[in-house]
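**Q** The structure follows.
The values are calculated or read from the model by the stated rules, or taken from the named source; none is laboratory data. Not measured: the values here are computed from a predicted model. Cβ placement follows ideal geometry from the backbone for every residue including glycine, while neighbour counts extend to all protein chains displayed.
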Amino acid sequence: MMKLLPLLATVVLMAGCRTVDPDAPARAALAAAIRSEPPGDYHIGRRMFKTDYKMWGWVREPGQSWSSAKLVMMNEQVALAPDRAGGKLGTDNNVEYRLKGRFTGSTVYEPASDRFYPEYQAHSYEAIDRNPPHIYVVKSQSDPDVRILAPPVP
């Protein structure tokens, strides 16, 4: 019985322990903001500049969570991406945009990742947040030199 007492005490104490998620309030606020986006003929894009890769970033439908977003290659035949138009690649890393444009239905090969990505052709870009909330499981994914391509989660 004496050997069971410490084990029982440990089980009781552990049952009361909870993991606290420090990002939960921010994710809840982000989810509420996304749900309140008006429907329309546009997309929301989050630029993800990576030194070693050539994809543009994540694009999702308005009102849909970031977990539904697609990592895209940008077709710049109609409009140059903002960083390229300014002559400074990657200066808009992690900026959120309202995009007018369309998915072309094509896929584009990106050799560094050895994957195909959907092609998006933007007609216009409007920066809507230059310091948006975090959307990745691993926060260092926003770093251009970190080679993580995991999808957003909220």
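**Q** If you check Leu80, Leu71, which single one turns out to be of a type in the set (A, V, I, L, M, F, W, C) and without any contact (Cβ under 8 Å) to a residue 60 or more places away in the chain?
**A** Leu80
**Q** Considering each of Val138, Val59 in turn, give the residue that is among the hydrophobic types (A, V, I, L, M, F, W, C), loosely packed, with under 13 Cβ neighbours inside 10 Å and within 24 Å of Ala29 (Cα to Cα).
**A** Exactly one of Val138, Val59 is among the hydrophobic types (A, V, I, L, M, F, W, C), loosely packed, with under 13 Cβ neighbours inside 10 Å and within 24 Å of Ala29 (Cα to Cα), namely Val138.
**Q** Something else about it: Out of the range 99-125, which residues are outside any strand (DSSP E or B) and either buried (at least 16 other Cβ atoms within 10 Å of the Cβ) or in contact with a helix residue (DSSP H, G or I) (Cβ under 7 Å, 6 or more places away or on another chain) (or both)?
**A** Ser113, the sole residue that qualifies.
**Q** Quick check on Gly63: is it modelled with pLDDT of 90 or more and either charged (D, E, K, R) or under 27 Å from Pro111 (Cα atoms) (or both)?
**A** Against the criterion (modelled with pLDDT of 90 or more and either charged (D, E, K, R) or under 27 Å from Pro111 (Cα atoms) (or both)), Gly63 does not qualify.
**Q** Another question about this same structure. Quick one: in the range 1-56, which of the residues that are in a loop (DSSP other than H, G, I, E, B), surrounded by 14 or more Cβ atoms within 10 Å (Cβ to Cβ) and of a type outside the set (Lys, Arg) is modelled with the lowest pLDDT?
**A** Across the range 1-56, the extreme among qualifying residues is Asp23.
**Q** Taking the condition of being in contact with a helix residue (DSSP H, G or I) (Cβ under 8 Å, 6 or more places away or on another chain), among the charged types (D, E, K, R) and closer than 15 Å to Arg102 by Cα, how many residues in the range 37-77 meet it?
**A** 3
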